[in-house]
Amino acid sequence: MASIFDTKIEYLKGIGGPRAELLNKELGIFTYGDLLEHYPFRYEDRTRFYKISELTDTLPAAQLLGKIKSVELVGGKGKSRLVATFSDGVASMELVWFQGVSYFHKILQIGANYIVYGKPSLFGGIFSIQHPEIELYKSDRPLPKYFQPIYHLTDKLRKKFIESKTFTQWFRTLLPLVQEHIHETLPEFLLKKYKLVSKKEAYYYLHLPRSPLEQLHANRRLKFEELFYNQIKLISLSLVRKNEYPGQVFNKTTLLTKFYQDHLPFDLTGAQKRVIREIFGDLKSGRQMNRLVQGDVGSGKTIVAFICMLMAIDGGAQACMMAPTEILAQQHFSNLKKFADALELEIRLLTGSSTKKEREEIHQGLITGQIHILVGTHAVLEDVVQFQNLGLCVIDEQHRFGVAQRAKLWEKNKKLYPHMLVMTATPIPRTLAMTLYGDLDISEIDELPPGRKPIKTVHRFESSRLAVWGFMKEELAKGRQIYVVFPLIEESEKLDLKNLFDGYENIRAAFPEFAVSIVHGKMKPKDKEYEMQRFKKGETQIMVATTVIEVGVDVPNASVMVIESAHRFGLSQLHQLRGRVGRGAEQSYCILMTDYKLSADTRKRMETMVESENGFYISKVDLELRGPGDLSGTQQSGLVDLKLANLAKDEEILKIAREEAFTILQMDPSLSMPEHKAIQMHLSRIRNKSLSWSKIS
Ligand code: ADP
Ligand code: MG
């Protein structure tokens, strides 16, 4: 059934065909409904008028009323600028144009009143605004005072004089036209409980606010709505899953007791014990486990995984562990093999480079149940790999594997899906994790094993280059190895590669007595692997590389990480890179090299790195600086489709929204109670909309 919100925008007074076409193309706005949901991303306060004497150069923008006293063209041919002296009757300042000089020269009227808006800056004791917004003001009407919502626009729209103010005009027409049809999408009791404005008010306050307070009310209400529906969808997914898939029950502890008594090489940390308990709870529950374990590099996830494997094996099942690269799979294999051998368990490694004979043996051993643990790369996903009874899958480094791959592992045991344990070394704040991985339960190993020496992190400028090299020489002389990492991004690939090769040559020249490796993304995987292995074996002492050095690669003797152009890396990325040192007994160092001139953001990133080694804390700061869209993994997930809410800044609203969504779904999973009608109706509207979208795309 068509509703007024499906009306094509060309029918709105003031838009018409050609503009409608532009809005379709540039902003994806086709209907009245789309227009309503084109939210402003900030507001300009045009309620206040400043006196020139009140200006400071830290003000982001100011609005002033005054007269143009004089206009003057300054500078030679081709480079001229227009400078107008502007006075509010008490003091004066300058308005400056570098573009549109002749146009403004023509239209500016000396002695007339103007309303001026822009960012003031201070030069030689005089305030000026470059390219101000300027509007003639006739004193026969009252001073306009308003909040201007600012909308995303494109150059093409601006060329056709479609500005934020144009949107405001359209909303003045549109809102009265549709207001009677705006459905309330939240139940009455939630509006009351949290003092949220109605949906209709929210649209008015968002697009036509009369005060900052109205705009705040609109934002709070709409953010709540977004997060609430986001959580309703996620939680209903996970409730469905929990009800639908039974799992094998593992509760025998014979193997485990033997391992604890005779072979456990160290005491587990409190966090490891807690996470193991959480996992055991799942393994005993009779439901299939889908759990994410977050923990910094070095927090000891491997042994946790192994202990859980023992539960599965004791219960007569098999376990497998999958890693994203061959080098990581090998590393896991050799670590786990020590434990497995001690308990006389059969463990095998399957990767792309396993020989045909090995493969056949492995396939056979898995079917007969002779092999207890399989470690491998993507190779384990192949259809020929079949188990007698797969009971537990461990996936290391979550963000490299998608949901589809997890599903493939599920299919390896059709009788009862295997329990899934996903491990990630890029911890993200719990609230974000709950949203991103709504289909996984979450455990956190938020404590490092004792006795680990903190990595010393320092921030150095280019001017200290020689001192840094001197320090590197000392460490090399002690027999240590060093990583030197360069940024490489697609947009500036050529220049980045040049910097990398220049850096490599400089280092070879500065450290002639040492062997230097180089590894970058343009190399063939085989060559990369070969070079990594050389470094790992200690045949080379310095590794010059882009970020390709794998997460989790273990070279205990590498104790110094130099990050070049550190300002070009995100915070979480810097933390990941640093995690590649600090794996041995020696004191480790991380040196962040940057330009002298830094933005406030960059300074914050460097400071955070220097002061903290806690991945949970670092990702929280990262989230605050960048917003969730940029965090690794979030782009692909498709779960975070938020227009207003920011998962870093709106944690409080998210918590409440999640709690309410949870309570409602537990009480009324089908949302059939009368007080939940608004929710059910809105969900079916969202569903229809995404259905029609999937037909289009
Ligand atoms: P992660 O995979 O979480 O990065 P690992 O499982 O590789 O970390 O563990 C890092 C190192 O710490 C390994 O050498 C491991 O044997 C050791 N380790 C793990 N847990 C403990 C513990 N409780 N006490 C001491 N050392 C531990
Ligand atoms: Mg690991």
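The values are calculated or read from the model by the stated rules, or taken from the named source; none is laboratory data. In this text, all values refer to a predicted model and were calculated from it rather than measured experimentally. Glycine gets a Cβ as well: all are built from the backbone with ideal geometry, and neighbour counts include every protein chain shown. The area values use the complete protein model at the heavy-atom level, side chains included, leaving out ligands, DNA and RNA. Shrake-Rupley method; radii C 1.70, N 1.55, O 1.52, S 1.80 Å.
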Once you order the gyration tensor axes a ≥ b ≥ c over the Cα atoms, which shape class does region 456-612 get: rounded for a/c under 1.5, otherwise prolate or oblate by comparing a/b with b/c? rounded
Computed lengthening from Phe161 to Glu675, 0.36 nm per intervening residue step minus Cα-Cα distance: 180.4 nm
On C-alpha positions alone, give me the angle between the axis of helix 326-342 and the longest principal axis of the chain, in degrees, nearest 10. 40
Considering only the chain, percent of DSSP beta bridges that pair antiparallel, nearest 5: 40
Where the eigenvalues come from the Cα gyration tensor of region 254-445, what are the semi-axes √(5λ) of the equivalent ellipsoid, largest first, in whole Å? 24, 20, 16
For labels at Gln109 and Ile367 in the simple 7 Å Cα→Cβ model, what's the distance in nm? 9.3
Test of understanding: what is the full-extension gain from Leu153 to Arg172, defined as 0.36 nm times their sequence separation minus their Cα-Cα distance? 5.0 nm
Measure out, as a whole number of angstrom, how far apart the alpha-carbon centroids of region 40-98 and region 339-400 sit. 71
Net length gained if the chain between Val74 and Ala600 were fully extended (0.36 nm per residue, minus Cα distance): 185.9 nm
Heavy atoms only, probe 1.4 angstrom, no DNA, RNA or ligands counted: give me Met309, Met667 ranked by accessible area, highest first. Met667, Met309
Past 31 Å, Cα to Cα: identify those pairs from Lys8/Lys677; Lys156/Lys643; Lys13/Lys677, in the order given. Lys13/Lys677
Treating cross-link reach as a plain straight distance, find the aspartates and glutamates whose alpha-carbon is under 19 Å from the alpha-carbon of Lys25, omitting any fewer than eight places away in the same chain. Asp6, Glu10, Asp34, Glu37, Asp155, Glu163
Given the pairs Lys195/Lys620; Lys233/Lys408; Lys284/Lys414, which are separated by over 26 angstrom at their Cα positions? Lys195/Lys620
Share of the chain's accessible area from carbon and sulfur, percent, 1.4 Å? 53
Average projected area of the Cα convex hull of the chain, in nm²? 38.7
Rounded to whole Å², per residue accessible area for the chain with a 1.4 Å probe reads 49
Highest average packing first - 473-480, 497-504, Cβ atoms within 10 Å: 497-504, 473-480
Using a simple spin-label model with points 7 Å from Cα along the Cα→Cβ vector, what separation in nm is obtained for Asn646 and Glu493? 3.3
For region 502-526 and region 153-212, write down the distance between their C-alpha centroids in whole Å. 57
Calculated from DSSP helices alone, with each H run of at least 4 adding -39500 (n - 2.57) and the total divided by the residues of the chain, [θ]222 nm to the nearest 500 comes to -13000 deg cm²/dmol
When only C-alpha pairs under 8 Å and at least 6 residues apart count, what is the relative contact order of the chain, in percent? 12
Alpha-carbon spread of region 56-145, three principal axes, descending order, Å: 42, 31, 20
Shape parameters for region 201-276, alpha-carbon atoms, Rg then Dmax in Å: 25.2, 73
Label point distance in nm, Lys526-Glu278, each placed 7 Å from Cα along Cα→Cβ: 4.3
Proximal aspartates and glutamates relative to Lys356, as straight alpha-carbon distance under 15 Å, when same-chain residues fewer than 8 apart are discounted: Glu382
